[in-house]
Amino acid sequence: MNKGSKVIICDKSPTDAANDYAWQTDLELAHLTATHLPATDFADYLSNYNRQLRYHLPGKKNFSIKTRGGKHIGNCTCCNINETKGDAEIGIIIGDRRYWDKGYGTDAVNYLVDYIFENSSVVRIYLKTLASNKRAQKCFTKCGFAVCGQIISSGNRYFLMELHHNRRRQHTESEEKPL
């Protein structure tokens, strides 16, 4: 892909596996994303990881988030891509805590959203985030997403957020205007 102001978003590679495994086995990150810790050791994880890199699932794209210097700091996903309906779901994680609260997540989301809108017929991007994850909500709101509902799944409460292509244009144009 290309570069944002702070990050590069690119295809996943085998060199990302060690970080991905560390982040997926991190209790705090699992809590923030409401995911379960993997039940495999790193060797099994790596075998499955490499298989997933070779065989892409239709309607899903996984990307690495790297600093402009090339350090792998997180991941983002575009999934449930439905070009007929014109919508897609995204997810993001900044796994390296040294990059939290410094604008890297916001830059990654902005770049991913722009990339999707410019390179597909998607007109609506949506996501879900834990109601308790205030950091994520702040990031998504900064990027123009708005809460459009709530769901409870597996005992967790999530906010559903969405961004429409025409709203994105309005959001970015208002940011560009001098005060």
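Maximal additional length on extending the Ala146-Trp100 stretch stands at 14.4 nm, based on 0.36 nm per residue less the C-alpha distance. For the range 1-47, relative contact order (Cα pairs under 8 Å, six or more residues apart, normalised by length) works out to 24 percent.
In the range 2-55, which chymotrypsin sites (Phe, Trp or Tyr not before Pro) are in a loop and have at most 10 other Cβ atoms within 10 Å, using DSSP for the loop call?
Those satisfying the criteria are Tyr55.
Placing dummy labels 7 Å off each Cα toward the beta-carbon, the span from Ala22 to Leu130 is 2.1 nm. Estimated at 0.36 nm per residue, the fully extended path between Ser120 and Asn156 surpasses their Cα-Cα distance by 9.8 nm. Annotated for the range 16-103: lysine pairs at least 8 residues apart or interchain, Cα distance under 24 Å, count 6. Rounded to the nearest 20, the Cβ-based charge dipole of the range 1-134 about its Cα centre (Lys and Arg +1, Asp and Glu -1) stands at 260 debye.
Hey, fewest Cβ within 10 Å first, where do Val122, Val113, Val7, Val147 land in order? Don't jump to the answer; show the numbers that get you there.
Details: Val122 19, Val113 24, Val7 28, Val147 14.
The most exposed by this proxy come first: Val147, Val122, Val113, Val7.
With n ≥ 4 as the cut-off for DSSP H runs, can you work out [θ] at 222 nm for the chain, using -39500 (n - 2.57) per run divided by the number of residues, rounded to the nearest 500? So the calculated ellipticity at 222 nm is -11000 deg cm²/dmol. The protection proxy used here, the mean number of other Cβ atoms lying within 10 Å of each residue, ranks peptides 77-90, 25-38 as follows, highest first: 77-90, 25-38.
Bear in mind these aren't lab numbers, they're just calculated from the coordinates by the rules spelled out. This is a predicted model, so every value here is computed, not measured. All Cβ positions, glycine included, derive from the backbone under ideal geometry; neighbour counts span all protein chains shown.
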